[in-house]
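One structure is given here, and the rest of the page talks about it.
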Amino acid sequence: MGDVVHALPVVHDILNAHPGAQIDWLVEETYADIVRAHPGVRRVIPLALRRWRKSFWRAETRQAWRAFVQDLRRDSYEAVIDLQGLLKTAWVARLARGPLSGWNAKAARESAAALFYRHRYPGEPIRTVAAVQRYRRLAAAVLGYVPQGMPSYGLRAEATSALKMQIGAPYVVVLTATARPEKRWDEARWIEVVQVLAATSRTVLLAWGSPAERQAAQRLAGCAAPAARPRLVIQPEAWSLAQWMPILAGADAVVGVDTGLLFLAAAVGTPCVGIYVATSPVHVGIHAEGKHRNLGDIGRPPAASEVIDALTALMRHA
């Protein structure tokens, strides 16, 4: 999810440099709702590669693959750009009707991906520049322009009054969960943060994405001081990304570890605090026009007091 969000500013850049350009986006089906929320994208082409590869021997899967390829090849393109630079993304992108471009072998995330490109561009090593900037620079190199200003994500998302009342506005979203265990922040520090947030009379929405993560959110709520517990709300059910976007947009602030929902929150303009434990904000930090702070780095997680101070400074209506 993070890669999809990091790539969104490319749409604004292209349309700014080439008004009237028509942009189609090939994206894994799980994240298609994010791209659909951008008014600058003409057509979203969902790809179910993660689902299909588990059952490619089935006739219905092969039929779905053929339908996908036919849909992908419906139009001819002046340029096809593989922003992600992976072997699998290059392999699929090369099926589109148009010249395929990407980074050269030294700059691509997986050097073998460059074998599929007609046009290859030099760039910085992947861990030395922010992902957002890498994507913007590649598209600019292919289409002949220079990116201007801060990244503009362009997502349309707005929380309704009914949604805010349902959650308990004003509220702050807390993202403790991540697919990679090494990126998690110490639970004792989370307890300090949520207790301070609850003391501000805001609802604290604890998010989760799996049963194990839900149990962790319940444990965190149970460890908080009794006075703070009434304001701690655990996400009641699994939400789609289409549901998450207005929820994130309506928050006073979002605080979380290096995870896709954090970047999505920044993309819809919500003040964010990113916590980095095993990854570096140099590469995957929040880069947005809105208020945000990136705290910590590889092997240097921030203290709870740093996060609390950053949230206090950024929160709306603080």
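Inspect the range 172-185 for any residue being assigned to a helix (DSSP H, G or I), at pLDDT below 95, in contact with a strand residue (DSSP E or B) (Cβ under 8 Å, 6 or more places away or on another chain) and crowded, with 20+ Cβ neighbours inside 10 Å and give the result as yes or no. No, because not a single residue in the range 172-185 is assigned to a helix (DSSP H, G or I), at pLDDT below 95, in contact with a strand residue (DSSP E or B) (Cβ under 8 Å, 6 or more places away or on another chain) and crowded, with 20+ Cβ neighbours inside 10 Å.
Within the range 6-24, residues that are touching a residue at least 24 places away in the same chain (Cβ under 8 Å) and assigned to a loop (DSSP other than H, G, I, E, B) reach partners that are buried (at least 23 other Cβ atoms within 10 Å of the Cβ) and of a type in the set (Gly, Ala, Ser) with beta carbons closer than 7 Å, at six or more positions or on different chains, in the pairs LEU8/ALA267.
Assigned by TED's automatic domain parsing to the domain that holds THR259, over 22 Å from GLY2 (Cα atoms) and touching a Leu at 6+ places or on another chain (Cβ under 7 Å): is that true of GLU192 in this structure? So GLU192 fails the test.
Within the range 117-132, which residues are in contact (Cβ under 8 Å) with a residue 40 or more places away in the chain, buried (at least 16 other Cβ atoms within 10 Å of the Cβ) and either of a type outside the set (Val, Ile, Thr) or in a loop (DSSP other than H, G, I, E, B) (or both)?
Pass one, the range 117-132, residues in contact (Cβ under 8 Å) with a residue 40 or more places away in the chain: 126-132.
Okay, now just the ones that are also buried (at least 16 other Cβ atoms within 10 Å of the Cβ), so 126, 130-132.
ALA130, ALA131 - these are the residues of the range 117-132 that are in contact (Cβ under 8 Å) with a residue 40 or more places away in the chain, buried (at least 16 other Cβ atoms within 10 Å of the Cβ) and either of a type outside the set (Val, Ile, Thr) or in a loop (DSSP other than H, G, I, E, B) (or both).
Quick one: would you say ARG51 is under 23 Å from GLY20 (Cβ atoms) and surrounded by fewer than 15 Cβ atoms within 10 Å (Cβ to Cβ)? Taking the combined requirement at face value, the residue does not satisfy it.
Can we say GLU60 is over 19 Å from PHE263 (Cβ atoms), assigned by TED's automatic domain parsing to the domain that holds LEU138 and in contact with a Gly (Cβ under 8 Å, 6 or more places away or on another chain)? It is false that GLU60 is over 19 Å from PHE263 (Cβ atoms), assigned by TED's automatic domain parsing to the domain that holds LEU138 and in contact with a Gly (Cβ under 8 Å, 6 or more places away or on another chain). Evaluated against (1) assigned to a strand (DSSP E or B); (2) surrounded by fewer than 18 Cβ atoms within 10 Å (Cβ to Cβ), THR30 falls short on exactly one condition, (1).
Residues in the range 133-141: is at least one under 30 Å from ALA107 (Cβ atoms), aromatic (Phe, Trp, Tyr) and part of a helix (DSSP H, G or I)?
Initial filter on the range 133-141 (under 30 Å from ALA107 (Cβ atoms)): 133-141.
Subsequent filtering for residues that are aromatic (Phe, Trp, Tyr) retains 135.
Next cut, part of a helix (DSSP H, G or I) only: 135.
There is at least one residue in the range 133-141 that is under 30 Å from ALA107 (Cβ atoms), aromatic (Phe, Trp, Tyr) and part of a helix (DSSP H, G or I).
Only one of these conditions is not met by THR270: (1) in a helix (DSSP H, G or I); (2) surrounded by 20 or more Cβ atoms within 10 Å (Cβ to Cβ); (3) in contact with a helix residue (DSSP H, G or I) (Cβ under 6 Å, 6 or more places away or on another chain). Which number is it? The failed condition is (1).
Among the residues of the range 138-171, those that are small (Gly, Ala, Ser), in contact with a helix residue (DSSP H, G or I) (Cβ under 7 Å, 6 or more places away or on another chain) and at pLDDT 90 or above comprise ALA139, ALA140, SER152, GLY154.
Please go through the range 298-318 and give me each residue that is surrounded by fewer than 19 Cβ atoms within 10 Å (Cβ to Cβ) and either assigned to a loop (DSSP other than H, G, I, E, B) or on the phi > 0 side of the Ramachandran plot (or both), ordered by number. Correct list: ILE298, GLY299, ALA303, ARG316, HIS317, ALA318.
Filtering the range 65-77 down to residues that are within 26 Å of ALA140 (Cβ to Cβ) and surrounded by 11 or more Cβ atoms within 10 Å (Cβ to Cβ), which residue is nearest to the chain's Cα centre (by Cα)? Step through it out loud before you land on a result.
From the range 65-77, those within 26 Å of ALA140 (Cβ to Cβ) are 72, 75-77; that's our starting set.
Adding the requirement that they be surrounded by 11 or more Cβ atoms within 10 Å (Cβ to Cβ) leaves 72, 75, 77.
On the way: LEU72: 24, ASP75: 28, TYR77: 26 Å.
Among residues in the range 65-77 that are within 26 Å of ALA140 (Cβ to Cβ) and surrounded by 11 or more Cβ atoms within 10 Å (Cβ to Cβ), the one nearest to the chain's Cα centre (by Cα) is LEU72.
Contact map, the range 274-296: first residue more than 14 Å from GLY260 (Cα to Cα) and modelled with pLDDT of 90 or more, second residue aromatic (Phe, Trp, Tyr) and in a strand (DSSP E or B), Cβ cut-off under 6 Å, separation 6 or more or different chains; pairs are GLY296/TYR276.
Inspect all residues belonging to the range 93-101 and state whether any of them is exposed (fewer than 12 other Cβ atoms within 10 Å of the Cβ) and without any contact (Cβ under 8 Å) to a residue 24 or more places away in the chain. Checked the range 93-101: no residue is exposed (fewer than 12 other Cβ atoms within 10 Å of the Cβ) and without any contact (Cβ under 8 Å) to a residue 24 or more places away in the chain.
Residues of the range 226-245 that are out of contact with any helix residue (DSSP H, G or I) (no Cβ under 6 Å at 6 or more places or on another chain) and in a helix (DSSP H, G or I): ARG229, PRO230, GLN243, TRP244, MET245.
Confirm whether VAL277 is surrounded by 20 or more Cβ atoms within 10 Å (Cβ to Cβ) and over 23 Å from PRO170 (Cβ atoms). Judged against the criteria, VAL277 is a match. Can you confirm whether the range 183-203 contains a residue that is in contact with a Lys or Arg (Cβ under 6 Å, 6 or more places away or on another chain), free of Cβ contacts under 8 Å to residues at least 60 places away in the same chain and hydrophobic (A, V, I, L, M, F, W, C)? Yes, that holds for at least one residue.
The values are calculated or read from the model by the stated rules, or taken from the named source; none is laboratory data. Here the structure is a predicted model, which is why all the values come from computation and not from measurement. Methodologically, a virtual Cβ is constructed for each residue, glycine included, from the backbone with ideal geometry; neighbour enumeration extends over all protein chains shown.
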